[in-house]
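Colleague: Right, I'll just put the structure down here and ask away after.
Every number here is computed from the coordinates shown, using simple stated rules; none is lab data. Since the structure is predicted, the reported quantities are computational estimates derived from the model, not experimental observations. With ideal geometry, Cβ positions are generated from the backbone for all residues, glycine too; neighbour counts draw on all protein chains shown.
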Amino acid sequence: MSCQIRTQLTDNKQEFHTSPDISLNIRNMKQLEYSVLARRTNQIKDELKKGVKKSYREVIDVSWGDPHRAGVKPLSFVRQVLAACIYPQLMDGDKLMVDVKQRAQMLLRACPGGSVGKSYAYIQYGRVSEYITRRDGGVPSHPENIYISSGSQWALTNILKVLVNSEASPRTGVLTPVPCHSTTILSLMALGAEVVPYYLREEQGWALDVEELQRAWGSAKEVCNPVGLYVINPGNPAGYVQSRKSMQEVIRFAAEKRLFLLADEVYQDCVFGEETEFVSYKRALAEMGSPLSDTVELASFHTTSKGLMGECGLRAGYVELVNLDPAVMKHIYSLFSADSCAPVLGQFALDVMTNPPQPGDPSYPLYMKVDHFLFLIHRKAFTEFINSLPGFSCQPVEGGAFAFPRVFLPPKAIETAKELGMKPDTFYCMRLLEEAGVLSSPGSEYGQQEGTYHIRFCIMTPSEIMEEILRRLSTFHKRFMNEFS
Amino acid sequence: MSSMQQVNPKVRGIRNIVNLQGLAAQITQQIAKGEQKPFQRVIDVSSGDPHRTGMRPLSFARQVLAACLYPELLKDNSFPSDVRQRAQKLLGVCNGGSVGSYSASSCGIPQIQRSIAEFITRRDGGVASDPEDIIFSSGSQTTLMLVLHLMSSGQGPTQAGVLTPLPCPHTLPMLLDEAAIKLIPYQLLEEQGWALELEELQRALRAAKGHCEPRAIYISNPGNPTGHVQDLKTIEGVIRFAASEQLLLLVEEVYQDSVFGQEQKFLSYKKVLFDMGPKYSDKVEMVSFHSISNGILGECGLRGGYMEVINMDPLVKSFLMSMQAPYSPPVLPQLALEIMVNPPSPGDDSHEVYSQEVLQRAEIISQNARRGCEFLNNIAGMSCQPVMGGVFLYPSLQLPVEFIQQAEVLGMQADVLYCQKLLEQEGVCLGPGSENGHDDKNFHIRLCVLAPPAVLEDVLQRLSSFHLRIQERHH
């Protein structure tokens, strides 16, 4: 393969001769801004270990939706069950509560050989489909339409593989929101799909405007064949939660344009606006009745990585498919079978997520005593605080794990960034990292309107850490704005 | 996408999988519901999954992982001190001290990459390994897929192709289909214990030219499913061949811990490559794969593996890393990998138990392999090559003409029909050779010998009576 990619030493010159052998799609995948910041973070961490003096003692990392990284403790019930599954001898004696043991035993019973070492997708799909039915107020869900994988991105990629024909001309297009988290964009690019952006309306709390969908679709028709519409609800990075009305408009649009609806709903358990409520696309679709509820094709994605569990490292997610042609389902089945299944422990975590301890269970009190509800206060505290800083403007965060404030960078700062060969928001993030030890994520990673800049912060952190972040951010921001005024 | 026409042609092109395991699961459920069958339970030895057959996991690994999952366990003394120390060390390399956090990079946790690199260096007698060349994922298949996708291009005569051994690991043909890469078969020599013959490699390459663009050679050593362990001469020959034909070497070495033939020793392709001097070691491009699913640890369900890329163009490598970027590798299996490459040392509390368990496992496989081979060779119409490594036996079957015809009428491969009937009548699930890409006139079946001896004995007896029945019935 890369034998054809030779470094040709001609005289004193070295030419990298990239062969056409590597698919154009892969060559087009953009490098993440993140890697630059991540590298510097690792260096800073090393410097701190060596005793180099800085105005902070540790780096606070709020660049990813990774609550454990930010210091949130995992849920005991989950971890106890998993530990018992991995080392069943723990169940001897009284260290673990009765309901922990019962759950572990139930999960292990379904593994041939009674051990998590087996590799077949085990999970009782019935329990996941029951969970979905409960969540959706009774809208039926069928186990055969559910597929488990190592994290929602794998499931999304598999569905995209079926949708996207990389050899087609015109190319397959998927309408994608701006802003959108980078992993999906990367997957789309790698598969050779055309990413068709539709802009969310920041001034309206990042609302999804059907007129904008129409515009995007219209312009897409000239360059590609749009087949899919990707929506993120609750949003990432922007923390909106769609209203039922908005969702119905989206569904009607998808039906009219015959688009496959891909609903990324991984933050569905993180909804906290007082008037907001998470409604799944499946439910919204079902409530609209025939013929829409029988024809619109939908894939909805969920995971153990977000929500209360925040178990990103375990890698388990699922996709539920609605209204797909059975012949097409066969191919999806073979794709998911070709791929290795989700780690068994991840599947177990999924079981706990869909069937948590109930009132009356011995583990229930501890389970309920979670820090997560403190986030309700954080998001308000964060947005209010950041809105009080001149040069920042943040839409209310109704759901998800992030705040995505807009920062109005002074022209001098933008100039300096350009001279350094950096995007202006990356420049801001880099300075914030260097001077205040806070690792955030630049808006350019997610897409934004030309000429606007944003920063993404994960706000799913324990209170003390949030306070520290706000303190450092405030000091830094004022200094920065002064320097470049 | 309501019609089949709109489905991505590459996906439509994935061959139909033989779903015996699904059938096995179904039958198990039926038995659980109280349905009567001629047998009490299903024994599945079709894949190299020791837990499925009833082997116990290694205690040290499980204790450490349990403590990492639920660190409260570290507070009391119920675990030996080396378990606690190891768990603490591993939690220290996890973000936020939790296995629930994403890995620091999409290639894996840096400290563990270092551990793996050190392990490889030790294994190869000092040949250096760079942590930056180690890329993690959920199992060796996933890492292989990334490389295949990277390589995939062209159509018709320009389609990328990979020289693939027949028989090959049963998951490989589907992966090649999905990546739209042509499978260029080279036959292994059954009569010589499934050895690789260079003339056959050359013949296969010649035959492929003009029909596709050969880009790589896939090697499985120790062989899956054949159990053949390649000798130095063969490995050097393959490397020279790859060098002269400018082919990438894809070397799957997941059974490297599982070698038991007296005369044979596992030789890593990397070590041999470097021993051949700069003429080859600077040029030949290689990716070698390993995983926790096989060998000593046998933790298939945990899903952990890595690949080491050797002599890969930095630009190509950066593409590989960006393809990996959206997929975060699971943390727990990386910890398991670390345990695999750094087991308890002599003097540690857990060392004795660990060594015993490993020894026991090794003895079981080699005894089972011998017993199985002998037994199968004594059955009329079956013939089994001796195995030196890996976890499978891969005997050939002589099937009655009538049986073969029956299969044709049903539109199935005869070995698939054989395995299906065996499952239905005796409750034993084996793998058909056609899954391993084998579609010659000899039929084969595949069975895993990493199982408690009593289980294997049961399997052999049932297989034997089934086989004799088939011979009689169709005479």
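Colleague: Quick one: what are the phi-derived ³J(HN,Hα) couplings along the range A:462-475, Karplus 6.51/-1.76/1.60 with θ = phi - 60°, whole Hz, x for glycine and proline?
Modeller: x, 4, 4, 5, 4, 4, 4, 4, 4, 4, 5, 4, 4, 4
Colleague: Are there any trypsin sites (Lys or Arg not before Pro) in the range B:30-124 that are in a DSSP loop and have at most 15 other Cβ atoms within 10 Å? List them by number.
Modeller: Answer in residue order: B:33, B:41.
Colleague: Classify the range A:125-340: rounded, prolate or oblate, from the alpha-carbon gyration tensor (a ≥ b ≥ c, eigenvalue square roots; a/c under 1.5 rounded; otherwise prolate if a/b is larger than b/c)?
Modeller: Numbers: a/c = 1.30, a/b = 1.06, b/c = 1.22.
Note, shape of the range A:125-340 comes out rounded.
Colleague: Report the normalised scattering of the protein assembly as shown as log10 I(q)/I(0) at q = 0.06, 0.09, 0.11 Å⁻¹, calculated by the Debye formula with identical scatterers on the alpha carbons.
Modeller: Per q value, in the given order, log10 I(q)/I(0) is -0.43, -1.01, -1.54.
Colleague: Continuing with the same structure: Taking each pair of distinct Cα atoms in the range A:416-469 once, what is the resulting Kirkwood hydrodynamic radius in Å?
Modeller: Values: mean 1/r = 0.0824 Å⁻¹.
Answer for the range A:416-469: a Kirkwood hydrodynamic radius of 12.1 Å.
Colleague: Tell me the label-point distance for the pair residue B:19, residue A:393, using the 7 Å Cα-to-Cβ offset, in nm and rounded to one decimal.
Modeller: Once both label points are built, they end up 5.4 nm from each other.
Colleague: Using the C-alpha gyration tensor of the range B:203-259, what are the square roots of 5 times its eigenvalues, in whole angstrom, with the largest one first? Working shown, then result.
Modeller: Details: eigenvalues 111, 31, 19 Å².
Values for the range B:203-259, descending: 24, 12, 10 Å.
Colleague: Once label points are set 7 Å from the Cα along Cα→Cβ at both residue B:345 and residue A:35, what is their separation, rounded to one decimal in nm?
Modeller: Result for the modelled spin labels: 3.6 nm.
Colleague: FRET efficiency for residue A:42 and residue A:420, Cβ-Cβ distance as r, R0 = 22 Å, nearest 0.05? Present the calculation step by step, with values, prior to reporting the outcome.
Modeller: Working: r = 20 Å, r/R0 = 0.92.
Between residue A:42 and residue A:420 the formula returns 0.65.
Colleague: Could you give me the percent of Cα pairs per 10 Å distance bin for the range B:154-261, shortest bin first, beginning at zero and ending with the bin that holds the maximum distance?
Modeller: 15, 49, 30, 6, 0
Colleague: Pull up all non-local amide H partners of residue B:194: gap of 5 or more, or a different chain, and H-to-H distance under 5 Å with H placed in the peptide plane.
Modeller: B:189
Colleague: Another question, then. What is the set of long-range amide H partners of residue B:429 at a cut-off below 5 Å, with H atoms built 1.01 Å from backbone N?
Modeller: Distant-sequence amide H within range of residue B:429: B:43, B:44, B:45.
Colleague: Here's something else I'd like to know. Return the long-range amide H neighbours of residue A:194 (sequence gap of 5 or more, or a different chain), with a cut-off of under 5 Å between placed amide H atoms.
Modeller: Those lying under 5 Å, H to H, from residue A:194 are A:172, A:173, A:174.
Colleague: May I ask for the net charge around residue A:129, where only other residues with Cβ less than 13 Å from the Cβ of residue A:129 are counted and Lys, Arg are +1 while Asp, Glu are -1?
Modeller: Values: positive: A:127, A:134, A:135, A:282; negative: A:130, A:136, A:144, A:320, A:351.
For residues surrounding residue A:129, the net value is -1.
Colleague: If you place +1 on the Cβ of every Lys and Arg, -1 on the Cβ of every Asp and Glu, and leave all else neutral, what size is the dipole of the protein assembly as shown about its Cα centre, to the nearest 20 Debye?
Modeller: Values: 90 positive and 104 negative charges, 180 e Å.
Using only the charged Cβ atoms, the result is roughly 860 debye.
Colleague: Using only Cα atoms, what Kirkwood radius does the range B:388-428 have, in angstroms? Before the final figure, lay out each step's value.
Modeller: Details: mean 1/r = 0.0868 Å⁻¹.
One over the average 1/r among Cα pairs gives 11.5 Å for the range B:388-428.
Colleague: Further question on the same structure: Which ³J(HN,Hα) values in Hz, rounded to whole numbers, follow from the phi angles of the range A:291-297 under the Karplus curve 6.51 cos²θ - 1.76 cosθ + 1.60, where θ = phi - 60° and Gly and Pro get x?
Modeller: x, 4, 5, 9, 10, 5, 8
Colleague: Now a separate question. Would you kindly give the portion of the calculated P(r) for the range B:334-475 that falls above 23 Å, as a percent of all Cα pairs? Working shown, then result.
Modeller: Details: 4340 of 10011 pairs.
Distances greater than 23 Å cover 43 percent of the Cα pairs.
Colleague: Compare the peptides B:387-393, B:283-289, A:400-406, B:272-278 by average per-residue count of other Cβ atoms within 10 angstrom and give them in order, highest first.
Modeller: Going by the mean number of other Cβ atoms within 10 Å, highest first, we get B:387-393, A:400-406, B:283-289, B:272-278.
Colleague: Averaged across the residues of A:155-165, what count of C-beta atoms belonging to other chains lies within 10 Å of each residue's C-beta?
Modeller: Details: counts 0, 1, 2, 1, 1, 1, 6, 7, 5, 3, 7.
Other-chain Cβ atoms within 10 Å of each residue's Cβ, averaged: 3.
Colleague: If R₀ is 30 angstrom, what is the calculated FRET efficiency for the pair residue A:364 and residue B:76, using the beta carbon separation as r and rounding to 0.05? Kindly include the intermediate steps, with their values, before the conclusion.
Modeller: On the way: r = 24 Å, r/R0 = 0.82.
That gives a FRET efficiency of 0.75.
Colleague: Got a sec to turn the phi values of the range B:400-406 into Karplus ³J(HN,Hα) couplings, 6.51 cos²θ - 1.76 cosθ + 1.60 with θ = phi - 60°, whole Hz, x for Gly and Pro?
Modeller: My calculation for the range B:400-406 gives x, 3, 4, 5, 4, 5, 4 Hz in order.
Colleague: Another question about this same structure. Where the centroid of each part is defined by its Cα atoms, how far is the range B:131-169 from the range A:241-289 in Å?
Modeller: Each part's Cα centre sits 38 Å from the other's.
Colleague: Would you compute, from DSSP H runs of 4+ residues alone, the mean residue ellipticity of chain B at 222 nm, taking -39500 (n - 2.57) per run and dividing by the full residue count, rounded to the nearest 500? Intermediate values should be presented prior to the final figure.
Modeller: Working: 18 runs with 206 residues, N = 475.
So the calculated ellipticity at 222 nm is -13500 deg cm²/dmol.
Colleague: Using label points projected 7 Å from each Cα along Cα→Cβ, tell me how many nm separate residue A:130 and residue A:106, to one decimal.
Modeller: According to this spin-label approximation, the distance is 0.7 nm.
Colleague: In whole angstrom, note down how far apart the Cα centers of the range A:431-452 and the range B:376-435 are.
Modeller: Answer, in whole Å: 60.
Colleague: Be a star and scan the range B:400-438 for residues whose amide nitrogen sits under 17 Å from the point 7 Å along the Cα-to-Cβ vector of residue A:330.
Modeller: Label zone hits: B:410-413.
Colleague: Once R0 is set to 60 Å, what does the formula 1/(1 + (r/R0)^6) return for the Cβ-Cβ distance between residue A:53 and residue B:363, expressed as a FRET efficiency to the nearest 0.05? Before the final figure, lay out the partial values.
Modeller: Values: r = 58 Å, r/R0 = 0.97.
Once the sixth-power term is evaluated, E becomes 0.55.
Colleague: Would you tally the net charge around residue A:87, using a Cβ to Cβ cut-off of less than 12 Å, leaving residue A:87 out, and scoring K and R as +1, D and E as -1? List each step's numbers first, then the result.
Modeller: Details: positive: A:95, B:56, B:62; negative: A:92.
Counting the neighbours of residue A:87, the net charge comes to +2.
Colleague: Taking square-rooted eigenvalues a ≥ b ≥ c of the alpha carbon gyration tensor, is the range A:358-472 rounded, prolate or oblate, where a/c under 1.5 means rounded and, failing that, a/b exceeding b/c means prolate? Can you show the working numbers first?
Modeller: Values: a/c = 2.66, a/b = 2.48, b/c = 1.07.
Verdict is prolate for the range A:358-472.
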